[in-house]
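Novice: So that we are looking at the same thing, I have put the structure below in structure tokens.
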Amino acid sequence: MRRRAVLASLGASTALAGCRGPGSPDRTATQTETPPTCAEPGPRRVELATAATIPDEIGVSATVTAERERSTAGAPARVAVALRNDGPDREIDVADDGRCHLLNRDAARSDPNGLWLYRANDTPTDRAGECWTRDLPPRDGVGFDGYGCGRYPFGSGETVATTYEVWDDYTVDGYLRPGTYRFDVSVALWTEPAEEGGTNSDPTVVDWWFELSVSDADG
């Protein structure tokens, strides 16, 4: 499918446009396994480090807000990510639902690996003790369901927003390790109606990213 890519940038940053789809990010051979449980959660602070900006001519603004910056045994850190349509009525391949939210599938995993962002209404049920990590054995790769997201109405002035809980990535060593973690997002926008009998008109693809920083916090 041919698409016109528009890159969101901060300073001289660059990104590659592409479909958000199924993937299996693998651990490297040098990484060691971590136990599937976490005995000492320890408080952490999760803050927004930086975020890209989308060019004004696209007519879409993106924001990320730390709704809860502290992660403790009682509650995880939370962030809200939103896209606002500052242009005309159009369509988008994102919705606030369990399948096609902004950070679905592999987009919810940070780079470098270390954090997962789970939609607040769809968090795992296999939490490891008092830690915000999954009680699963580590694995070499993580698979995702292979499905497509269609075209959703995105009216002028409308916002699509989703709240995420910040969880540890159970496939790597440590627990909510201090550091900076990046999340890359790619969305498709259509300004023309779908062709009769199909949805194969070429969209504009917008790439955007943000980074979260994790640090130790006092008890």
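The values are calculated or read from the model by the stated rules, or taken from the named source; none is laboratory data. The structure presented is a predicted model; accordingly, all values stated were derived computationally and were not measured. Cβ atoms come from the backbone with ideal geometry, glycine included; neighbour counts cover every protein chain shown. The area values use the complete protein model at the heavy-atom level, side chains included, leaving out ligands, DNA and RNA. Shrake-Rupley method; radii C 1.70, N 1.55, O 1.52, S 1.80 Å.
Novice: Looking at the stretch 198-213, which of the residues that are open to solvent by 10 Å² or more (accessible area, probe 1.4 Å) and more than 15 Å from the chain's Cα centre (by Cα) is modelled with the highest pLDDT?
Specialist: 204
Novice: Please state which one of 95, 107, 73, 80 is part of a strand (DSSP E or B) and in contact (Cβ under 8 Å) with a residue 40 or more places away in the chain.
Specialist: 80
Novice: Then there's this: Cβ-Cβ under 7 Å, sequence separation 6+ or interchain: first residue in the stretch 155-167 and closer than 25 Å to residue 72 by Cβ, partner open to solvent by 40 Å² or more (accessible area, probe 1.4 Å). Which pairs?
Specialist: Final answer for the pair search is 161/96; 162/96; 163/67; 163/78; 164/78; 165/78; 165/123; 166/78.
Novice: While we're looking at this one, here's another question. For the stretch 163-178, what are the residues that are touching a strand residue (DSSP E or B) at 6+ places or on another chain (Cβ under 6 Å) and assigned to a strand (DSSP E or B)?
Specialist: The answer is 163, 164, 165, 166, 167.
Novice: Looking only at the stretch 110-122, how many residues end up being of a type in the set (S, T, N, Q) and in contact (Cβ under 8 Å) with a residue 24 or more places away in the chain? Spell out the reasoning first.
Specialist: Filtering the stretch 110-122 for residues of a type in the set (S, T, N, Q) gives 110, 113, 121.
Checking the rest, the ones that are also in contact (Cβ under 8 Å) with a residue 24 or more places away in the chain come to 110, 113.
Of the residues in that region, 2 qualify.
Novice: Taking the stretch 60-93 only, how many residues are under 21 Å from the mean Cα position of the chain (by Cα), over 17 Å from residue 164 (Cα atoms) and open to solvent by less than 70 Å² (accessible area, probe 1.4 Å)?
Specialist: Residues that pass the stated criteria total 6.
Novice: Taking the stretch 167-197 on its own, how many of its residues are in contact with a helix residue (DSSP H, G or I) (Cβ under 9 Å, 6 or more places away or on another chain) and modelled with pLDDT under 90?
Specialist: 0
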